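Asker: Next up is a structure, given as structure tokens.
Laboratory data are not the source of any read-out in this text; all were calculated from the coordinates shown. A quick note: this is a predicted structure, and the numbers were derived from the prediction, not measured. Don't worry about glycine lacking a Cβ; one is built from the backbone with ideal geometry, like all the others, and counts go over all protein chains shown.
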Amino acid sequence: MKRHWIDQFFAVSGSVFLASVSVILAAANVAQPASGQDVPTAPPSNSESTSVPEGINANFKSSELDVDEWIARFEVESREVYAARDEVLAACAIKPGDRIADVGAGTGFYSRLFAKRTGWDGWVYSVDISTSFLQHIADRATNEGIENLTTVLGTDTSIRLPPESVDLVFICDTYHHFESPQQTLASISRALKPGGRLILIDFERIPGVSREWLLGHVRAGKDAFKAEVIESGLQFVDEVKVQGFEENYLLRFEKKAK
């Protein structure tokens with residue numbers, strides 16, 4: 001199995017383990033900016049965005065997080081992004097050998113699907129701020145014999161991957177949890193290879209139409225999120241209409257090729 005240079009630092013005796021980004025960057029001899037030092041980008045002038053609700057990520061950062069409870073919420077057919085996973089995978093247009101960052105990987109069900117699609121010559125980086133989720137992902141990948149997957153502990157400001165290291169960044173029902181969206185987007189843009197793609201799935205937020213829970217939980221609507229990604233330097237490609245989506249949408253972006 002051919003491995004990319006960065007993957008050599010994550011595979012130990014064929015198992016998947018939880019690695020901090022300091023190991024990634026030190027081993028790869030890549031300089032890591034200090035926390036909170038991503039290149040600042042002004043928010044788009046037409047953005048309706050507000051701050052995320054206070055404590056929106058507290059549960060995920062807690063050592064008391066019950067992973068089984070979230071599996072019951074996330075990996076169930078009543079959840080749109082789970083039921084429509086085949087359509088979502090088709091929209092991702094994954095090629096053998098692709099290196100994919102699943103940002104806000106949660107319980108990792110998309111990470112596992114990506115690992116199978118990209119094949120042994122590809123790699124998946126499951127990025128999350130929850131050590132409990134990451135440990136679950138690592139354990140399950142090991143149990144299922146998935147060797148082309150690495151867990152990465154992200155922060156509120158960075159996905160903590162080296163420059164030009166991935167072909168695809170996937171963000172599913174997680175962008176509205178970004179506490180520092182422009183800083184995190186800057187780290188995503190850096191991590192993407194030229195010509196790399198970003199898939200953004202999130203909830204429609206339409207006053208008078210969307211559920212009250214969504215209006216209170218999701219800080220801004222699709223147009224504002226789209227504007228923020230474009231402001232970060234990525235180009236909008238299209239919106240894919242997913243048949244199984246009623247409350248979600250799927251947008252595709254790309255990083256300009258050199």
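Asker: Count charges around residue 234 for me, please; just the other residues with Cβ under 12 Å from its Cβ, Lys/Arg as +1, Asp/Glu as -1.
Answerer: Net charge around residue 234: +3.
Asker: Just to verify a number: FRET efficiency for residue 72 and residue 204, C-beta to C-beta distance, R0 = 25 Å, to 0.05? List each step's numbers first, then the result.
Answerer: On the way: r = 24 Å, r/R0 = 0.97.
Efficiency for this residue pair is about 0.55.
Asker: Each residue of region 219-235 in turn: what ³J(HN,Hα) in whole Hz from Karplus with 6.51, -1.76, 1.60 and θ = phi - 60°, glycine and Pro shown as x?
Answerer: 6, 7, x, 4, 4, 5, 5, 4, 5, 5, 5, 5, 4, 6, x, 8, 9
Asker: Below 8 Å between Cα atoms, with a sequence gap of 6+, how large is the relative contact order for region 208-258 in percent?
Answerer: Averaging sequence separation for qualifying contacts and normalising by length gives 31 percent for region 208-258.
Asker: Anything over 19 Å Cα to Cα? Flag those among 193/256; 116/258; 95/258; 95/222; 95/226, in the order listed.
Answerer: Result: 116/258; 95/258; 95/222; 95/226 exceed 19 Å.
Asker: For the ranges 151-160, 207-216, what's the packing order if you count other beta-carbon atoms within 10 Å of each residue, average per peptide, and put the highest first?
Answerer: On the way: 151-160: 21.1, 207-216: 10.8.
Going by the mean number of other Cβ atoms within 10 Å, highest first, we get 151-160, 207-216.
Asker: OK, next. Is there a quick way to get the dipole size of region 181-248? I mean about its Cα centre, with the Cβ of Lys and Arg at +1 and of Asp and Glu at -1; what is the value in debye to the nearest 20?
Answerer: My answer is approximately 280 debye.
Asker: Contour minus end-to-end for residue 65 and residue 236, with contour as 0.36 nm per residue of separation and end-to-end as the Cα-Cα distance?
Answerer: Taking residue 65 through residue 236 to full extension adds about 58.0 nm, to one decimal.
Asker: Under a 5 Å amide H to amide H cut-off, with H placed in plane at 1.01 Å, what residues pair with residue 99 once short-range neighbours are removed?
Answerer: Answer set, sorted by chain and number: 123, 167, 168.
Asker: Distance from a point 7 Å along Cα→Cβ of residue 254 to each backbone N in region 82-96: keep the residues under 14 Å and list them by number.
Answerer: Correct set: 92-95.
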